[in-house]
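So the structure is just underneath, and the comments pick up after that.
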Amino acid sequence: MAEMSSSSHPTRGGGRWDCQRSFFDILQRCDGVMETMIHPQTGKVIPISWIIYPCSMIAEETAFYRKTRSAEGTVFSSDGAGNPFLLKRNGTVVRFDVIDGTEVPAGRSLSDFYRIPMEGTVQGKP
């Protein structure tokens, strides 16, 4: 189950973002997308992980990885093991390996990243 957070966010003010149009469109409608599930015992909705970070987290994480790791692109999510996913200026998505600083292809576009595991990527078979 995915849940959209709609708290106030900076993109509605016309701020400039270093990202692809489809990504900007998502952020104009919600401030992050959280994966949730219903707890089997309590029936309450509980958070799992961010599918797309909220705007403040995107700004913080992007600034951090640019400053500390010279990473290029916009950090919008992670693989759950501490490696961020970056949306590159050319529209591709990569997983940034924080241990060795390498980039692993993760999608030809943001749409492909969420929809289709690409062969030779972190989601597809090698």
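Readers should treat all values here as calculations from the given coordinates under stated rules, not as data from a laboratory. Please read all numbers here as calculations on a predicted model, not as lab measurements. Because the Cβ atoms are built from the backbone with ideal geometry, glycine has one as well, and the counts that use them run over all protein chains shown.
Here are a few things to note about the model shown:
- Packing-based exposure ordering (other Cβ within 10 Å, fewest first) of MET34, MET57: MET57, MET34
- Count Lys and Arg as plus one, Asp and Glu as minus one, and take only other residues whose Cβ is under 10 Å from that of PRO84; the net charge is then -1.
- Extension gain from ILE38 to ALA63, taking 0.36 nm per residue of separation minus the Cα-Cα distance: 5.6 nm
- Full extension of the chain segment joining ASP25 with ASP100 gains 23.8 nm, where the gain is 0.36 nm per residue of separation less the Cα-Cα distance.
- Cut-off under 5 Å, modelled amide H: who pairs with TRP50 long-range: GLU35
- Ranked for footprinting exposure by Cβ neighbours inside 10 Å, fewest first, ASP25, ASP100, ASP31 give ASP100, ASP25, ASP31.
- Derived scalar couplings between HN and Hα for the stretch 25-30 equal 4, 4, 6, 6, 8, 7 Hz in order, rounded to whole Hz, by the Karplus curve 6.51 cos²θ - 1.76 cosθ + 1.60 (θ = phi - 60°), x for Gly and Pro.
- Annotation: the residues ILE51, ILE38, sorted from fewest to most other C-beta atoms within 10 Å of their own C-beta, follow the order ILE38, ILE51.
- Couplings for the stretch 93-103, taken from phi via the Karplus curve 6.51 cos²θ - 1.76 cosθ + 1.60 with θ = phi - 60°, read 10, 10, 9, 8, 7, 6, 6, 10, x, 8, 10 Hz in order; Gly and Pro are left as x.
- Amide H contacts under 5 Å for ALA106, placed H, 5+ residues apart: VAL93, VAL94, ARG95
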